[in-house]
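First the structure, in the form of structure tokens, and then the observations on it.
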Amino acid sequence: MNMVASKRKMNPWLKRLLLGGLLLLLVGGGVVWYIFNEKFTDTSERKAAFTVNAIDLIHEFQQSDSLANKKYAEKIITVNGRISELEAADTTINVKMIDTLTDAYIIFAFQQQHLKEAKQLKEGDSVSIKGSCSGGTYSEILETEFITFKRCAVNK
């Protein structure tokens, strides 16, 4: 009889523990769903925090990528420069602006809704591109500095 009574006393604690675990699982699932379904404002509609020349931006990152990353990372930046290369990726097009003296470069990945504009660009075109700066780093393998941008649009 004592064994049955002790099982009943544990049962409410077990129920509370399972209910708490289920609640945490639901909250965690909601947070993950929100993060994966987060929509960003169209970059073309956002105001740029900075407007810079491509070569000047590259030089700023080469001088101190840690300071430049603090200044520019995750901010909307308008970059003016000349297209050096166009790279077709899976579902997007990447535009590169290269400093020919150092081979350092900026690469821009365009938003889906702006692919049509990006596909009309040609190497050698002078262009203004607005995007979210992901930051820059020095690649030991490539032996050069590179700066990446995401969610880009041609600035009109």
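The values are calculated or read from the model by the stated rules, or taken from the named source; none is laboratory data. Small disclaimer: the values here were computed from a predicted structure and weren't measured. All Cβ positions, glycine included, derive from the backbone under ideal geometry; neighbour counts span all protein chains shown. Accessible surface areas use protein heavy atoms only, side chains included; no ligands, DNA or RNA. Shrake-Rupley method; radii C 1.70, N 1.55, O 1.52, S 1.80 Å.
Assorted remarks:
- The angle between the Cα long axis of helix 2-36 and the longest principal axis of the Cα atoms of the chain comes to about 20 degrees, rounded to the nearest 10.
- Solvent-accessible surface of region 27-112, averaged per residue with a 1.4 angstrom probe and all protein chains in place: 62 square angstrom.
- Options Leu121, His59, Ile77, ranked by Cα towards positive dipole end of the chain, top entry (Cβ charges): Ile77
- Contact order for the chain, expressed relative to its length and based on alpha carbon pairs under 8 Å spaced 6+ residues apart, stands at 23 percent.
- Pairs of Cα atoms nearer than 8 Å and 6+ residues apart set the relative contact order; for region 62-123 it is 26 percent.
- Here the simple spin-label model places points 7 Å from the Cα toward Cβ, and for Asp103 and Glu123 these points are separated by 1.6 nm.
- Cβ crowding within 10 Å averaged over residues, with 54-62, 16-24 ranked highest first: 54-62, 16-24
- Looking at region 114-156, the GluC sites (Glu not before Pro) that sit in a DSSP loop and have at most 16 other Cβ atoms within 10 Å of their own Cβ are Glu123, Glu140, Glu143.
- Spin-label model, Glu45 to Ala88: label points 7 Å out along the Cα-to-beta-carbon direction sit 3.1 nm apart.
- Across region 124-142, the residues whose backbone nitrogen lies under 13 Å from the label position 7 Å along the beta-carbon direction of Ala73 are 133-138.
- Considering only the chain, percent of DSSP beta bridges that pair antiparallel, nearest 5: 75 percent
- Considering only Asn94, Asn11, Asn69, the mean-square fluctuation computed in a Gaussian network model of the chain, springs between alpha carbons under 10 angstrom, is largest for Asn11.
- Accessible surface of the chain, 1.4 Å probe, proportion on carbon and sulfur as whole %: 59 percent
- Helix 54-63 axis, angle to the chain major axis (alpha carbon atoms, nearest 10°): 60 degrees
- Value of Rg/Rh across the chain [Cα atoms, Kirkwood radius]: 1.34
- Only Lys, Arg, Asp and Glu carry charge here, each on its Cβ (+1 for the first two, -1 for the last two); on that basis region 24-156 has a dipole of about 700 debye about its Cα centre.
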